[in-house]
Amino acid sequence: MNTSERCGSGVGPGPSMLLSPAELDEFKAEGALAIPGLVPPEVLDGWQAQVRAACSDGVDLDAPDTWPAGRYAPAGGWPEFSPNLYDLPGLRSIVQQIGDGAFAPSHPAGQPWTPQVPMTRVILPSAPGTERSNPIDGHLDGYASGWGGGFMAFFAVLLWDVSSPTGGGTAYWPRSHLANHRYFLEHPDQFDGSYLFTEPVQSGRHRALLEGDPSVGEVVCMTGRAGDAMLFHGLTTHIGSANAAGSQQPRVAQFARYSHREMRQQAPMVMFPDKDGTPWSPPPRPPLHKDNPKHVGNAPAEADEQAVATGFLPPGHPGRKLKRYDVPRNLWKYWGSALNTELPPTSSSAINT
Ligand SMILES: O=C(O)CCC(=O)C(=O)O
């Protein structure tokens, strides 16, 4: 493996960055961390120009009266912008720091690593008169069909200011990574994604894992200046939120997702097989609860995507012994040493259980 395979495909402009011990502590405690100024100004200017140029159908990002309501993508989708977000030295150095080189941009599980195009997502204001409410439910990344396994972290990077919590920023539940981790410690067999088809999540969706846990915070919608980012732990419950009707700011963000490279490579052995290798279909889903609409904010609920899952490992399958399905008591076991500093080095093996 070369260095680019670890963190990105090349080296773009800008300085490298490292998180301070206090920032690492905050990330560990909250599952989310604001990283102001991740994107150098010259890169930001270039990206903004490319985003403006990519808009089609008469949409002008500087003219709100040309904006359609809600999520927007030009005909044919957003192109790859240059430089590629994954190549920013600031991002690469942080990813190197938090993963000690073990994390790579998430690519289709079981396939050789290839350079990845970050997801661009634009959320324009809702239609006039639309009442805005905060999302009531979210999801965990890493369980889409064909992509599952070893998902570690993601960055949401703002290309335009989001000055208000009603401006369409990524919504997340602080400390939900710890609540979700506690759930999977009790139900390690469901970490393969089968939790989605098991109660309480099957009926109550992801919020069922957070409800009644006083340590989980109320939903927060990300704000920040253009060029700012947030780092999220992969077990942080999150979702897109609506950009309030009447807002004059487009929510324009790119997302960089990282998986554990070794777990990703193990995936072909464990990606949705049934015992004899035949596809397995999840049981029919129960009707959606009245307080649990299919679509939350601007983002389609994960139900559609997950409905195409084709199978999970049966209990006792040897694939379950792979790292990919390990739910370590130390949530940071597969992370870098910078996140495992609370014990002296001689004791590190004790927490790696
Ligand atoms: O658009 C957003 O802010 C959220 C995106 C999201 O939930 C995801 O990419 O998993």
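For segment 241-249, does any single residue satisfy the condition of being more than 12 Å from the ligand (Cβ to nearest atom), of a type in the set (Ser, Thr, Tyr) and out of contact with any helix residue (DSSP H, G or I) (no Cβ under 6 Å at 6 or more places or on another chain)? Yes, that holds for at least one residue.
Taking the criterion of being in contact with a helix residue (DSSP H, G or I) (Cβ under 9 Å, 6 or more places away or on another chain), surrounded by 15 or more Cβ atoms within 10 Å (Cβ to Cβ) and in a loop (DSSP other than H, G, I, E, B), the residues of segment 74-88 that qualify are 74, 78, 81, 83, 88.
Residues in segment 124-139 that are within 28 Å of residue 211 (Cα to Cα) and either in contact with an Asp or Glu (Cβ under 8 Å, 6 or more places away or on another chain) or not charged (D, E, K, R) (or both): 130, 133, 134, 135, 136, 138, 139.
Taking segment 128-153 as the range and being within 11 Å of the ligand (Cβ to nearest atom) and not in a loop (DSSP other than H, G, I, E, B) as the test, the residues that pass are 139, 151. Examine segment 28-43 for a residue that is in contact (Cβ under 8 Å) with a residue 60 or more places away in the chain, of a type outside the set (A, V, I, L, M), over 16 Å from residue 229 (Cβ atoms) and in contact with a Gly (Cβ under 6 Å, 6 or more places away or on another chain), and state whether such a residue exists. Within segment 28-43, not a single residue is in contact (Cβ under 8 Å) with a residue 60 or more places away in the chain, of a type outside the set (A, V, I, L, M), over 16 Å from residue 229 (Cβ atoms) and in contact with a Gly (Cβ under 6 Å, 6 or more places away or on another chain). Just one residue in the set 208, 156, 179, 253 is free of Cβ contacts under 8 Å to residues at least 60 places away in the same chain, outside any loop (DSSP other than H, G, I, E, B), hydrophobic (A, V, I, L, M, F, W, C) and within 23 Å of residue 26 (Cβ to Cβ); that residue is 179.
Restricting attention to segment 89-114, and to residues there that are within 18 Å of the chain's Cα centre (by Cα) and more than 14 Å from residue 154 (Cα to Cα), which single residue is surrounded by the most Cβ atoms within 10 Å (Cβ to Cβ)? This residue is 109.
For segment 159-172, the set of residues classified as within 12 Å of the ligand (Cβ to nearest atom) and closer than 26 Å to residue 28 by Cα consists of 162, 168, 169, 170, 171, 172, listed by residue number. Here residue 215 clears all of (1) surrounded by fewer than 24 Cβ atoms within 10 Å (Cβ to Cβ); (2) over 15 Å from residue 136 (Cβ atoms); (3) modelled with pLDDT under 95 except the condition numbered (3).
Residue pairs whose Cβ atoms lie under 6 Å apart, sitting 6 or more positions apart in sequence or on different chains, and linking a residue in segment 98-127 that is in a strand (DSSP E or B) to a partner that is charged (D, E, K, R) and within 14 Å of the ligand (Cβ to nearest atom), are 123/71; 123/251.
Residue count for segment 157-194 satisfying the condition of being touching a Phe, Trp or Tyr at 6+ places or on another chain (Cβ under 9 Å), closer than 30 Å to residue 246 by Cβ and surrounded by fewer than 19 Cβ atoms within 10 Å (Cβ to Cβ): 0. Here residue 197 clears all of (1) of a type in the set (A, V, I, L, M, F, W, C); (2) more than 16 Å from the ligand (Cβ to nearest atom); (3) surrounded by 15 or more Cβ atoms within 10 Å (Cβ to Cβ); (4) at pLDDT 95 or above except the condition numbered (4). Of the residues 119, 152, the single one that is at pLDDT 95 or above, surrounded by fewer than 23 Cβ atoms within 10 Å (Cβ to Cβ) and under 17 Å from the mean Cα position of the chain (by Cα) is 119.
The values are calculated or read from the model by the stated rules, or taken from the named source; none is laboratory data. Not measured: the values here are computed from a predicted model. Every residue, glycine as well, gets a Cβ built from its backbone with ideal geometry; the counts of neighbours run over all protein chains shown.
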